[in-house]
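**Q** My questions will all concern the structure given below.
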Amino acid sequence: MQFHDSMISLVGNTPLVKLNRVTEGLQATVLAKVEYFNPGGSVKDRIAVRMIEAAEQSGALKPGGTIVEPTSGNTGVGLAIVAQQKGYKCIFVCPDKVSADKINVMRAYGAEVVVCPTAVDPEHPDSYYNVSDRLVRETPGAWKPDQYSNPNNSRSHYETTGPELWEQTAGKITHFVAGVGTGGTISGTGRYLKEASDGRVKIIGADPEGSVYSGGSGRPYLVEGVGEDFWPTAYDPNVTDEIIAVSDKDSFQMTRRLAKEEGLLVGGSCGMAVVAALRAAEGLGPDDVVVVLLPDSGRGYISKIFNDEWMAGHGFLEDTGPSARIRDVL
Ligand code: PMP
């Protein structure tokens, strides 16, 4: 018989897929690490497994305990799946810009979800950081993974994503591009790839225009899951060689092209990361192998990025069409 013990053992080992159309005119090979193949549909399943197992080992999470976390959705789904399989409860706190679809998914997996306003400072009592802290204090047996400071966030990528990419590319990877949210993905994967290649692999962060990583102040932007208004400790600035800022419009137009031209129905931070990857690949040669990580699926954004009215209402629809070339988007 061939079966998995539970959905938990399906986390990781996601495929690498060549981008063929959006790369028109470029010499380098551009490969996408497609993280929606994880059972919860995103890269965050990886950190959920590692953070929960480490908390069980340290005694921070006891049998029957409750996991409380501020999350934009993907981390919640990963934590909810691992938690239900292991008998823990979940309470998630998320900002109100997160789509109703994503919130309903977390509820479907059995989590309780508390929604907080986006338009307040992190210090405000109603900010999603502060509400989650209050819930931790008030809930018996509560444990907060805190993906923003938990060392097991980037460690999960150092132990899984990094080695997978090194193996899948037979050590030929030359550039790694990923969006930066908590910074766990780029810091852990980047550190592994730097070590494995003796510093040869270039690590490039993609960031929404306005976020702190690319020199902004945290001005609101619409791409979900990436960019910050503070510097989390999960992010190691020494690992990244370069940060490329990408506008909402470019991110969402590329997200649509990935569905239409590459068969990849992915989220907005994936479009953002691909725009950065294509910019990084300009001027590279045929021996260069650029890997871009695509964190999640487009299913959670159907009523936004894949909805013409929503896109037009934000002025994101101009200059698109089947003949739109990379340079129009870049
Ligand atoms: N894209 C999406 C959709 C995400 O949910 C996240 C996680 N916040 C990221 C990208 C960024 O990943 P990381 O937190 O590891 O930097």
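Here, each number is a calculation from the coordinates, and none is a lab measurement. Everything quoted here is computed from the prediction, not taken from an experiment. When we count neighbours, we look across all protein chains shown, and the Cβ atoms used for this are built from the backbone with ideal geometry, even at glycine.
**Q** For the chain, what does -39500 (n - 2.57) per DSSP helix run (n ≥ 4), summed and divided by total residues, give at 222 nm, in deg cm²/dmol to the nearest 500?
**A** Values: 11 runs with 113 residues, N = 330.
Value at 222 nm, helices only, nearest 500: -10000 deg cm²/dmol.
**Q** Distance check, please: which entries in K18/K249; K44/K202; K44/K86; K18/K202; K260/K304; K102/K194 exceed 27 angstrom between their Cα atoms? Intermediate results must be reported in sequence, preceding the final value.
**A** Numbers: K18/K249 24 Å; K44/K202 23 Å; K44/K86 17 Å; K18/K202 19 Å; K260/K304 16 Å; K102/K194 34 Å.
Correct reply: K102/K194.
**Q** Once the piece of chain linking A170 and D236 is laid out straight, how much longer is it, given 0.36 nm per residue of separation minus the C-alpha distance between them?
**A** Numbers: separation 66, 0.36 × 66 = 23.76 nm, distance 2.57 nm.
My answer for the length gained is 21.2 nm.
**Q** Once the Cα gyration tensor of the chain is found, what semi-axes does its equivalent ellipsoid get, as square roots of 5 times the eigenvalues, in whole Å, sorted largest first? Can you show the working numbers first?
**A** Numbers: eigenvalues 185, 107, 68 Å².
Semi-axes (√(5λ), whole Å): 30, 23, 18.
**Q** Using a 10 Å cut-off around each Cβ, can you sort F37, F230 from fewest to most neighbouring Cβ atoms?
**A** Details: F37 18, F230 9.
In increasing order of surrounding Cβ atoms, one gets F230, F37.
**Q** Name the most mobile residue of T160, T169, T255, meaning the one with the largest mean-square fluctuation, in a Gaussian network model of the chain with Cα contacts below 10 Å.
**A** Maximum fluctuation in the GNM of the chain, among the listed residues, is at T169.
**Q** What is the set of long-range amide H partners of A32 at a cut-off below 5 Å, with H atoms built 1.01 Å from backbone N?
**A** V17, K18, L19, V292
**Q** Once amide H atoms are built 1.01 Å from N in the peptide plane, which residues 5 or more positions from F316, or in another chain, come under 5 Å H to H?
**A** Those qualifying (amide H under 5 Å, at least 5 residues apart or on another chain) number zero.
**Q** Name the residues whose placed amide hydrogens come within less than 5 Å of the amide hydrogen of K202, ignoring near sequence neighbours (fewer than 5 apart) on the same chain.
**A** H175, F176
**Q** Can you pull out the GluC sites (Glu not before Pro) in segment 116-217 that DSSP calls coil and that have at most 11 other Cβ atoms within 10 Å? Kindly include the intermediate steps, with their values, before the conclusion.
**A** Values: sites: E123, E138, E159, E164, E167, E195, E209; in loops: E123, E209.
The qualifying sites are E123.
**Q** Among K172, K202, K102, what is the fewest-to-most ranking by other Cβ atoms within 10 Å? Spell out each step's value before the answer.
**A** Numbers: K172 14, K202 21, K102 24.
In increasing order of surrounding Cβ atoms, one gets K172, K202, K102.
**Q** Nothing charged except the Cβ atoms of Lys and Arg (+1) and of Asp and Glu (-1): what's the magnitude of the dipole of segment 36-182 about its Cα centre? Round to the nearest 20 debye. If you can, show how the numbers build up before the last one.
**A** Working: 14 positive and 16 negative charges, 55 e Å.
For segment 36-182, the charge dipole is close to 260 debye.
**Q** Taking the Cβ of Y221 as the center, what net charge do the other residues with Cβ under 12 Å away carry, scoring Lys and Arg +1 and Asp and Glu -1?
**A** Details: positive: K97, R219, K249; negative: D207, E209, E224, E228, D229, D248, D250.
Summing Lys/Arg as +1 and Asp/Glu as -1 gives -4.
**Q** Taking only C-alpha pairs under 8 Å that are 6+ residues apart, what is the relative contact order of the chain in percent? List each step's numbers first, then the result.
**A** On the way: 690 pairs, mean separation 64.5, N = 330.
Once normalised by length, the contact order is 20 percent.
**Q** With +1 assigned to the C-beta of every Lys and Arg and -1 to the C-beta of every Asp and Glu, and no other charges, what is the dipole magnitude of segment 47-110 about the Cα centre in debye, to the nearest 20? Can you show the working numbers first?
**A** Values: 7 positive and 5 negative charges, 16 e Å.
Dipole of segment 47-110, to the nearest 20 debye: 80 debye.
**Q** If the elastic network links every pair of Cα atoms under 10 Å, which of N150, N238, N20 fluctuates the most in the Gaussian network model of the chain?
**A** Ranking N150, N238, N20 by mean-square fluctuation puts N238 first.
**Q** Extension gain K97-A60, at 0.36 nm per residue separation less the Cα-Cα distance, in nm? Before the final figure, lay out each step's value.
**A** Values: separation 37, 0.36 × 37 = 13.32 nm, distance 3.09 nm.
Residue separation times 0.36 nm, minus the Cα-Cα distance, leaves 10.2 nm.
**Q** Still on this structure, please answer the following. Suppose every K and R has +1 on its Cβ and every D and E has -1 on its Cβ; what is the size of the dipole of segment 110-179 about the Cα centre, in Debye to the nearest 20? Write down the numbers at each step before the final one.
**A** Numbers: 5 positive and 10 negative charges, 40 e Å.
In total the dipole reaches around 180 debye.
**Q** In addition: On full extension of the chain, what length is gained from E123 through Q27, given 0.36 nm per residue of separation minus the C-alpha to C-alpha distance?
**A** Details: separation 96, 0.36 × 96 = 34.56 nm, distance 4.70 nm.
Once the chain is fully extended between E123 and Q27, it gains 29.9 nm.
**Q** In the chain, what percentage of the DSSP-assigned beta bridges are antiparallel, given to the nearest 5? Mind dumping the intermediate values first?
**A** Details: 5 of 36 bridges.
Expressed as a percentage, antiparallel bridges in the chain total about 15.
**Q** Another question, if that's okay. Looking at G110, P95, V120, which one has the Cα that reaches farthest to the positive end of the dipole of segment 70-155 (charges on Cβ: Lys, Arg +1; Asp, Glu -1)?
**A** It is G110.
**Q** Follow-up. Calculate the spin-label point distance for V17 paired with V115, positioning each point 7 Å from the Cα along the beta-carbon direction, and give it in nanometres.
**A** Label-label distance for V115 and V17, simple model: 3.0 nm.
**Q** Separate question: Using the count of nearby Cβ atoms within 10 Å as a rough guide to exposure, how do K86, K144 rank from fewest to most?
**A** K86, K144
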